[in-house]
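See structure below.
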Amino acid sequence: MDESKMFESVAMNHQKKESDENSIEKIKLEHNPEQNENDGEYWDLEEVKDDLGISNGNKELILERPTDFSVHMIRHSASSYKNYADIEKSNNPTGPMDYNNQGFDLTEQGIEIAKEEAKKFFDQFDSKKDSFIFFSSEEERCLDTTQFYIAEAHSRGFEIISHDQSKIRNKRAEELGGKEMRTVKNLGLNVDNTLLIGIYNPEKYLRTDINWESLAGTDVKKRWEKVREIIANDDRGSWWKNFYKHSAKVKEIFPEATTALDRYEKKFKNLLRLIEFAAKKNKENNNGEKNIRVVGNSHVDVFGYFLNKNFQEENGGEEIEMKNCEEIRFDVNDNGELVVRYRDFSEKIISLGK
């Protein structure tokens, strides 16, 4: 796919603003030539098509029936992160997440936030005009959040576009959403070493029950303590802010660690390619009766680098952290460009350069 195609993103807080497109800031996202697109976190185009349900011969799903088209990326609701804690206490605290073997992971507050924010989200739309298709990270907190959004959509009579059940590869997604929820790799984190998630927690949230005995004879604890010293000397007060500030230094100590820039290069930019392709196909096939609204539930670290790079100045120079269930909205303008709106900041056109 031609990476020089234009992208436009439109953030959440509600309906499209009337604005002179010539006044919209254009952002060029440079492609990193060192980033191998065959990296395990990238998909080839056919895989991207397939996961959106727009591969050749699939007449059931999205993009065969468009009028208006938008993509809504939402951060998950408040979580206990119990699934990570269970691994850290296990005999393999540096082990990966088993995404088919997770348990409900929202707090009581997280349940209430998800319910309330879902109501606000669907207030923007009309069940007679809009239909929805839901995607999620494979992390339990995202699947749980998506479940509440699907329930709210049903309660209001919105049409929900079903996925081909044979393509739903995540057991938990199928248990929670049936045919109405599907996981997408680029919305997720692909956690291979769970210990490197909680390592960014502020001191007050740091877990104290890690099974260090199981790591005796290794230098993992020594390196972990070195990272914790870095964070203690400049604790930014939240997981995301510590990750954003310190992840590059952590990678020097744990080479397998992922940085904020890695998430941006490997996840966010790839999502833009996926959205661009979906928008293009949506425009080509105009035999639909309802608007297509794509909802993806994901993580602060997938979007955070981009948001800070492009909106931090408008935020008074303060670091931006997506709130639970906060949204970034992507729409397509009349020129076929993708435009970004986020909060009440000015919208921006995004160009993904080579």
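The values are calculated or read from the model by the stated rules, or taken from the named source; none is laboratory data. This one's a predicted model, so the numbers in the text were calculated from it and none came from an experiment. Positions of Cβ are backbone-derived with ideal geometry, glycine not excepted, and every protein chain shown enters the neighbour counts.
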Margin query: Return the pair list, or none, for Cβ contacts closer than 8 Å from residues in the range 253-275 that are closer than 12 Å to residue 189 by Cα and modelled with pLDDT of 95 or more to residues that are β-branched (Val, Ile, Thr) and surrounded by 20 or more Cβ atoms within 10 Å (Cβ to Cβ), at least 6 apart or on different chains.
Written below: 257/250; 259/250; 263/302
Checklist line | Matching option when the condition is surrounded by fewer than 23 Cβ atoms within 10 Å (Cβ to Cβ) and touching a helix residue (DSSP H, G or I) at 6+ places or on another chain (Cβ under 8 Å), among 135, 121 | finding: 121
Next item on the list: Starting from the range 79-95, keep only residues that are without any contact (Cβ under 8 Å) to a residue 60 or more places away in the chain, then list their pairs with residues that are part of a helix (DSSP H, G or I) whose Cβ atoms are within a distance under 9 Å, requiring at least 6 positions of separation or different chains.
Entry: 80/110; 80/141; 82/140; 83/140; 83/141
Check: Tell me, which residue of the range 186-230 that is in a loop (DSSP other than H, G, I, E, B) and free of Cβ contacts under 8 Å to residues at least 40 places away in the same chain is surrounded by the most Cβ atoms within 10 Å (Cβ to Cβ)?
Finding: 206
Next item on the list: Among what's in the range 120-154 and is assigned to a helix (DSSP H, G or I) and among the aromatic types (Phe, Trp, Tyr), pick the residue that is farthest from residue 325 (Cα to Cα).
Entry: 122
Notebook entry, point to check: Just wondering, is there one or more residues in the range 45-57 that are in contact with a Lys or Arg (Cβ under 7 Å, 6 or more places away or on another chain), assigned to a loop (DSSP other than H, G, I, E, B) and modelled with pLDDT of 95 or more?
Noted result: no
Checklist line | Residue list for the range 73-109, restricted to those being closer than 16 Å to residue 322 by Cβ and surrounded by 22 or more Cβ atoms within 10 Å (Cβ to Cβ) | finding: 73, 74, 75, 76, 77
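Please verify whether the range 162-180 includes one or more residues that are without any contact (Cβ under 8 Å) to a residue 40 or more places away in the chain, crowded, with 23+ Cβ neighbours inside 10 Å, on the phi < 0 side of the Ramachandran plot and outside any loop (DSSP other than H, G, I, E, B).
Yes, some residue in the range 162-180 is without any contact (Cβ under 8 Å) to a residue 40 or more places away in the chain, crowded, with 23+ Cβ neighbours inside 10 Å, on the phi < 0 side of the Ramachandran plot and outside any loop (DSSP other than H, G, I, E, B).
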Next item on the list: Return the residue satisfying two criteria in turn: it lies in the range 118-163 and is under 30 Å from residue 87 (Cβ atoms) and aliphatic (A, V, I, L, M), and of such residues it is nearest to the chain's Cα centre (by Cα).
Entry: 143
Check: Does residue 196 qualify as being under 29 Å from residue 125 (Cβ atoms), aliphatic (A, V, I, L, M) and more than 18 Å from the chain's Cα centre (by Cα)?
Finding: no
Check: Taking the range 295-340 only, how many residues are part of a helix (DSSP H, G or I) and either under 20 Å from residue 185 (Cα atoms) or of a type outside the set (S, T, N, Q) (or both)?
Finding: 10
Item checked: Number of the exception - residue 164 against (1) acidic (Asp, Glu); (2) within 21 Å of residue 75 (Cα to Cα); (3) out of contact with any helix residue (DSSP H, G or I) (no Cβ under 7 Å at 6 or more places or on another chain) -> (2)
Next item on the list: Evaluate the following for residue 343: is it on the phi > 0 side of the Ramachandran plot and crowded, with 17+ Cβ neighbours inside 10 Å?
Entry: yes
